[in-house]
Amino acid sequence: HARGLSGRCAPVVNSAHGIRCARILAAMARALGQDDAVYRDDIAVLSTALQQHSWNAEEGCYSWIIHDQDGRPAERLRHESGVDHNRGLGGCSPLIAGICTPEQETALLELLLTPGRCWSPIGLSAVDMGAPYYDAGGYWNGTVWMPHQWFFWKALLGMGRCDDAWR
């Protein structure tokens, strides 16, 4: 908001949770003998948008995207230091959606599970502890949010990474 980006900046985590919810709703539709096409369409649109515009291979996370005045993706949101401003659980959230390539999974798991990055002695830090905007006393920047621990625990179990999930 302070940078005048309100209404122009799209967070990754909303799309990732939208995909996750659409997967659940599609499964329920199929179980009830209903058409799941609308959910499959939502999954495809959101997944494509994240892959085309948001993946930041250089930093190994998905970026918030700033849109131009016409609503088209224009650039990644960066911290004043130049680093991606989504190094943390938000930037790893496509793992919970199940849309990542093997290379993306590897990069995201490195960010998520490396001690001193997102891995802390008490759980997953919301923000990469090595990021210049990390703040151990911050509301979002540096805390451990229990609902997010659960989502990543479930994702790790689903990926067959049981030891990491239980750790």
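The values are calculated or read from the model by the stated rules, or taken from the named source; none is laboratory data. What you see is a predicted model; the values in this text were computed from it and never measured. Here Cβ is always computed from backbone atoms with ideal geometry, including for glycine, and neighbour counts include all displayed protein chains. Each accessible area value is taken on the protein alone, full model and side chains, heavy atoms only, with ligands, DNA and RNA left out. Shrake-Rupley method; radii C 1.70, N 1.55, O 1.52, S 1.80 Å.
At-a-glance table
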{"quantity": "Accessible carbon and sulfur surface of the chain relative to its total accessible area, %, 1.4 Å", "calculated": "56 percent"}
{"quantity": "Solvent exposure, largest accessible area first (probe 1.4 Å, DNA, RNA and ligands not counted), of Y133, Y62", "calculated": "Y133, Y62"}
{"quantity": "Per-residue ³J(HN,Hα) for the range 34-44, Karplus 6.51 cos²θ - 1.76 cosθ + 1.60, θ = phi - 60°, Hz, x for Gly and Pro", "calculated": "9, 6, 9, 4, 4, 6, 4, 5, 4, 4, 5"}
{"quantity": "Cut-off 16 Å, label 7 Å out along Cα→Cβ of M146, residues of the range 8-22 by amide N", "calculated": "none"}
{"quantity": "Structure-based [θ]222 nm, the chain - -39500 (n - 2.57) summed over DSSP H runs of at least 4, per residue, nearest 500", "calculated": "-12500 deg cm²/dmol"}
{"quantity": "Descending Cα extents along the principal axes, the range 62-167, whole Å", "calculated": "45, 32, 22"}
{"quantity": "Length-normalised contact order of the range 29-74 in % [C-alpha pairs under 8 Å, at least 6 apart]", "calculated": "18 percent"}
{"quantity": "Solvent-accessible surface ranking, highest first, for C21, C9 at 1.4 angstrom", "calculated": "C21, C9"}
{"quantity": "1.4 Å probe accessible area per residue over the chain, in Å²", "calculated": "54 Å²"}
{"quantity": "Simple spin-label estimate for I122 and L32 in nanometres, 7 Å along Cα-Cβ", "calculated": "4.1 nm"}
{"quantity": "Sequence-distant residues sharing a close amide H with N56 (under 5 Å, placed H)", "calculated": "C61, Y62, S63"}
{"quantity": "3J(HN,Hα) from dihedral phi, the range 71-87, Karplus parametrisation 6.51/-1.76/1.60, rounded to Hz, x for glycine, proline", "calculated": "x, 8, x, 10, 6, 7, 6, 10, 6, 4, 6, x, 7, 4, 8, 9, 7"}
{"quantity": "Paramagnetic reach from H17 (point 7 Å along Cα→Cβ, amide N under 18 Å) across the range 33-60", "calculated": "43, 46-47, 50"}
{"quantity": "Nitroxide proxy distance, nm - points 7 Å out along Cα→Cβ at E110 and Q51", "calculated": "2.2 nm"}
{"quantity": "Computed E for A44/S6 - FRET, C-beta separation, R0 22 angstrom, nearest 0.05", "calculated": "0.20"}
{"quantity": "Ranked order, M28, M159 - accessible area, probe 1.4 Å, largest first", "calculated": "M28, M159"}
